[in-house]
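What follows is a set of notes on a single structure, which appears directly below.
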């Protein structure tokens, strides 16, 4: 299994390399000069040139590219051009917030989505099913920042249940959880909607399979048929959707972080784009890709566990 | 792995700093700032408002503005107890205060630190403010507590350069040498507060510097929190999650905040003067009639109304009012018909479309949209190319925008503003460029003569003449001056009356307290 | 249907008549109330967008500094924003941007993605492998992040916004067009066409394209909803169309900064986005149910 995992990661290296090269090139051919961000608006061209030299931005592109790749291979993404702090430390400091948010949103989606989906499938075309389908359509259609603003207006401004500043103290579990609720639910809403729909159709398909009918005919209790055989069969498409959706969650976490004022990867990326912090952008891209590759590998691994036909070797 | 090591090293610094800071019993002041994060905490690279505000709490200069004031005539001793000037005004000798301690056990301040700091400030590779030190010939230590500065030529305000602002901050030589590149995240100064740690994207935490030479600060800690969204920050302030809050220079905001119980809103100097800089070398603004038309199309009173009477006032010259040497000029009045007539005379009977590069920074974008609307009434269409802020700064320096909206405050002496914005040497696209987007050089003689003049009255006359020339040539159209706004809970006592601050935020001193 | 009783060429004779399937799907979708409600919502918004110049009570860019931040009512049915501009008029005009950006982006993605998928599947072999790998890279990137980077780097304006959104949607279209092409190219009528010496272009356009249209169209409806959402999200982050052009995402963003005094500034455009995305999702959903053979058999 470890071998499988490592092989998956290695297989992703070309993808990573492609993305890295692309980001490296794009970031440098578009306008915007980090030297001006650092030196401010009174800087003379001489001063800007001196700073660019000190930051290594005056070297030929291929040289910058090689040293960037070389360092990246050893896990060194350098320092942020703007704050001068190491990128790994910067990202490391906010990563827990993003992971908290993404994982909590995912859990929320699964905890709500799977039971509701099964429930709807079992009551096909009845009121519950129709309600679940309409609600899930709503959930699917809510742009995260819109639902976030509504949540903020209701729960923080009107009922004052949750704080407005979402930056939690990582060392205080209660504070961390308290500040996680609103953003995670907001972000998880779309996920829940997706999972409800996938679970519903997967369960419907699974329950119409021959062997389920056979099991029922043989007198296996209905509850057991649903939960053991039906769900097991339906779990594959659900896992696929969850895996696919982690990427979307990471993307949407940008909006959630803005609305709820949470530190996180999304906030950093917006800041780095605005300040043309090349090194930060490069580092972030690698980290994003890495996260997505890991999620994909985990999804594949789960496939192997769930479906004996896929060999995880 | 190097990255990891650097990260660990950073942590080690933070830990060391914490250990060095003595246990503090005073209360914590929580300040909310519109920011993603702080930048480099080397004071000589602190160019953004976000960074300027916080370095002023950690560092001192040889002299300082009286807390709460930006009046150059009120500059008072800080690290230097006293100073002497030679008869020709070119040699200055500063006598340092004894027993001033750096943060984190970096020892007593000596002349070496001052010489090192000023040389660092004056070197382009290690400072963003090197240009301010152009007139410096030598800086040297006479003895352990005496520093001598020799100037090449007279400067209008040498003390201004040496205040607790921009390049004047004094750093610990030993700390810079020991920490190298890491100094920017573990800075060492002599101010009332020392950096404890920075949590990226969240806050910078400061602790009181118990050995501060004016006495142990009354506050124990200052927590400088980064909250980019105005709405969230305001709400946090209302919910008492913050004691001091960065405010929006906007009447609606001020009125609403004043209604929050136990709240004081401070509106203070310096005013940032916004000017539409017109490129006089390129069409369409190489025709003075088009420039005059644009000046007639702008309605300053309406802009003030938009921003609010409490925070905004009409610009009166190409230099902000209140600056030493400012002289009010007769500006062209708003007159749509006259504007259209001038445009027609200049060969644009059907109006004119100008492609303008502008920043997406919300405050500047908002103002530009109001101006866009005003100009539209006179037949001038602004085709706004909105780019992010760094690109904006780069592209306007490449003459890509014939009209540049620029808003700035500088050291309050006319010379700096005139030199950076209106002197031929500062024209963009030249090696000595700063921010002269109009390419005007008609007032160079007056600006240069005033700089080296030792007669104050003569200086003022020359500066006034320069402003008159620039306004007559319509090199730029002054818009409005916008003041700074901060709100505080009424139990916060800064220890002085906040009328102005060159660091663009309230200076937190040893006397600041929470009642 | 036998070739003998038909005057058409054998290859064309054996090709299934696709328009019938499409019609059947439409008929089925029409009987679904959800789809109809969704269609009505979309139609209403489309109408508002098209008629904006005639029905909007004010000029969407006209600022009235004395009438700033007015609550709904009176001269301004939905209130005014921080510049004193009429919200209703801006919403109506904003619908034009939302719709035109998303429609053009999806049209571009559909044509490019569809072509890539079709050609890639048809050619097969190593070319197919590499193309699909590139598509996978595109697909694995969160569309919002991809859009964010493209717009931030190219600069926010209408064309770049369309390019960015189109880019995020190309890969799914390539995938959906490729799968049926792979199956179709082994089918008798395509082989027959090839045997008759038809050019590749003719086979692709006459035989394969008509057979994948319905799937691609359903996909387009669903992705239209995503495109509207991405456009709104980018505008909300501040990477939208340049001012004073109104966009719903941009209006929500401006409103968010004034949320303490004037909540309607953020909620009204937010609701508009929700409504349009919901309508599109409802239509797309109904269409998919109607065309998905798996669900049809249920």
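The values are calculated or read from the model by the stated rules, or taken from the named source; none is laboratory data. This one's a predicted model, so the numbers in the text were calculated from it and none came from an experiment. Using ideal geometry, Cβ is built from the backbone for each residue, glycine included, and neighbour counts are taken over all protein chains shown.
Conditions (1) under 30 Å from residue B:156 (Cβ atoms); (2) modelled with pLDDT of 90 or more; (3) not in a loop (DSSP other than H, G, I, E, B), marked per residue:
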position: B:339; (1), (2), (3): no, yes, yes
position: B:347; (1), (2), (3): no, yes, no
position: B:350; (1), (2), (3): no, yes, no
position: B:357; (1), (2), (3): no, yes, yes
position: B:365; (1), (2), (3): no, no, yes
position: B:368; (1), (2), (3): no, yes, yes
position: B:391; (1), (2), (3): no, no, yes
position: B:407; (1), (2), (3): yes, yes, yes
position: B:421; (1), (2), (3): yes, yes, yes
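Given the structure, is residue B:217 facing chain A (nearest Cβ under 9 Å) and either out of contact with any strand residue (DSSP E or B) (no Cβ under 7 Å at 6 or more places or on another chain) or in a loop (DSSP other than H, G, I, E, B) (or both)? Spell out the reasoning first.
On the way: facing chain A (nearest Cβ under 9 Å): no; either out of contact with any strand residue (DSSP E or B) (no Cβ under 7 Å at 6 or more places or on another chain) or in a loop (DSSP other than H, G, I, E, B) (or both): yes.
Against the criterion (facing chain A (nearest Cβ under 9 Å) and either out of contact with any strand residue (DSSP E or B) (no Cβ under 7 Å at 6 or more places or on another chain) or in a loop (DSSP other than H, G, I, E, B) (or both)), residue B:217 does not qualify.
Of these, A:95, A:10, which one is at pLDDT 80 or above and part of a helix (DSSP H, G or I)? So that I can check it myself, show each step before the final result.
Working: A:10 fails: at pLDDT 80 or above.
Testing whether each residue is at pLDDT 80 or above and part of a helix (DSSP H, G or I) leaves just A:95.
For residue B:415, indicate whether it is in contact (Cβ under 8 Å) with a residue 60 or more places away in the chain, within 14 Å of chain A (Cβ to nearest Cβ) and part of a helix (DSSP H, G or I). Write out each step before concluding.
Numbers: in contact (Cβ under 8 Å) with a residue 60 or more places away in the chain: yes; within 14 Å of chain A (Cβ to nearest Cβ): yes; part of a helix (DSSP H, G or I): yes.
Taking the combined requirement at face value, the residue satisfies it.
If you go through the stretch C:217-240 one residue at a time, do you hit one that is away from chain A (no Cβ under 13 Å), surrounded by fewer than 19 Cβ atoms within 10 Å (Cβ to Cβ) and over 24 Å from residue B:388 (Cβ atoms)?
yes
Condition first: buried (at least 22 other Cβ atoms within 10 Å of the Cβ) and either over 20 Å from residue C:224 (Cβ atoms) or in contact with a strand residue (DSSP E or B) (Cβ under 6 Å, 6 or more places away or on another chain) (or both). Now tell me which residues in the stretch C:84-99 satisfy that.
Answer for the stretch C:84-99, where residues must be buried (at least 22 other Cβ atoms within 10 Å of the Cβ) and either over 20 Å from residue C:224 (Cβ atoms) or in contact with a strand residue (DSSP E or B) (Cβ under 6 Å, 6 or more places away or on another chain) (or both): C:85, C:86, C:87, C:89, C:90.
Is the stretch C:286-295 home to any residue that is part of a helix (DSSP H, G or I), in contact (Cβ under 8 Å) with a residue 12 or more places away in the chain and within 9 Å of chain A (Cβ to nearest Cβ)?
Taking every residue of the stretch C:286-295 in turn, none turns out to be part of a helix (DSSP H, G or I), in contact (Cβ under 8 Å) with a residue 12 or more places away in the chain and within 9 Å of chain A (Cβ to nearest Cβ).
Go through the stretch A:143-172 residue by residue and tally those that are at pLDDT 80 or above, crowded, with 22+ Cβ neighbours inside 10 Å and facing another protein chain (nearest Cβ under 8 Å).
The qualifying residues number 6.
Hey, among the residues in the stretch B:423-457 that are outside any loop (DSSP other than H, G, I, E, B) and within 13 Å of chain A (Cβ to nearest Cβ), which one's surrounded by the fewest Cβ atoms within 10 Å (Cβ to Cβ)?
By that ranking, first place goes to B:425.
Might you let me know whether the stretch A:128-146 holds any residue that is in contact with a helix residue (DSSP H, G or I) (Cβ under 9 Å, 6 or more places away or on another chain), more than 20 Å from residue A:256 (Cα to Cα) and assigned to a loop (DSSP other than H, G, I, E, B)?
No, the stretch A:128-146 contains no residue that is in contact with a helix residue (DSSP H, G or I) (Cβ under 9 Å, 6 or more places away or on another chain), more than 20 Å from residue A:256 (Cα to Cα) and assigned to a loop (DSSP other than H, G, I, E, B).
Residues checked against (1) assigned to a helix (DSSP H, G or I); (2) free of Cβ contacts under 8 Å to residues at least 40 places away in the same chain; (3) away from chain A (no Cβ under 14 Å):
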{"site": "C:98", "(1), (2), (3)": "yes, no, no"}
{"site": "C:130", "(1), (2), (3)": "yes, yes, no"}
{"site": "C:136", "(1), (2), (3)": "yes, yes, no"}
{"site": "C:156", "(1), (2), (3)": "no, no, no"}
{"site": "C:159", "(1), (2), (3)": "yes, yes, yes"}
{"site": "C:204", "(1), (2), (3)": "yes, no, yes"}
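If you go through the stretch B:250-277 one residue at a time, how many are crowded, with 20+ Cβ neighbours inside 10 Å and in a loop (DSSP other than H, G, I, E, B)?
Final tally of qualifying residues: 1.
From the list C:45, C:108, exactly one residue is within 14 Å of chain A (Cβ to nearest Cβ), closer than 30 Å to residue A:245 by Cα and either over 26 Å from the mean Cα position of the chain (by Cα) or crowded, with 16+ Cβ neighbours inside 10 Å (or both). Which is it? Steps first, please.
Working: C:108 fails: within 14 Å of chain A (Cβ to nearest Cβ).
Sole residue among the options that is within 14 Å of chain A (Cβ to nearest Cβ), closer than 30 Å to residue A:245 by Cα and either over 26 Å from the mean Cα position of the chain (by Cα) or crowded, with 16+ Cβ neighbours inside 10 Å (or both): C:45.
Can we say residue A:251 is at the interface with chain C (Cβ under 10 Å from one of its Cβ atoms) and either within 20 Å of the chain's Cα centre (by Cα) or part of a helix (DSSP H, G or I) (or both)?
So residue A:251 passes the test.
Which residue out of B:182, B:234 is surrounded by fewer than 24 Cβ atoms within 10 Å (Cβ to Cβ) and within 11 Å of chain A (Cβ to nearest Cβ)?
B:182
Which of (1) more than 11 Å from every other protein chain (Cβ to nearest Cβ); (2) assigned to a helix (DSSP H, G or I) is the odd one out, the single condition residue A:257 does not satisfy?
Residue A:257 satisfies all of (1) more than 11 Å from every other protein chain (Cβ to nearest Cβ); (2) assigned to a helix (DSSP H, G or I) except (1).
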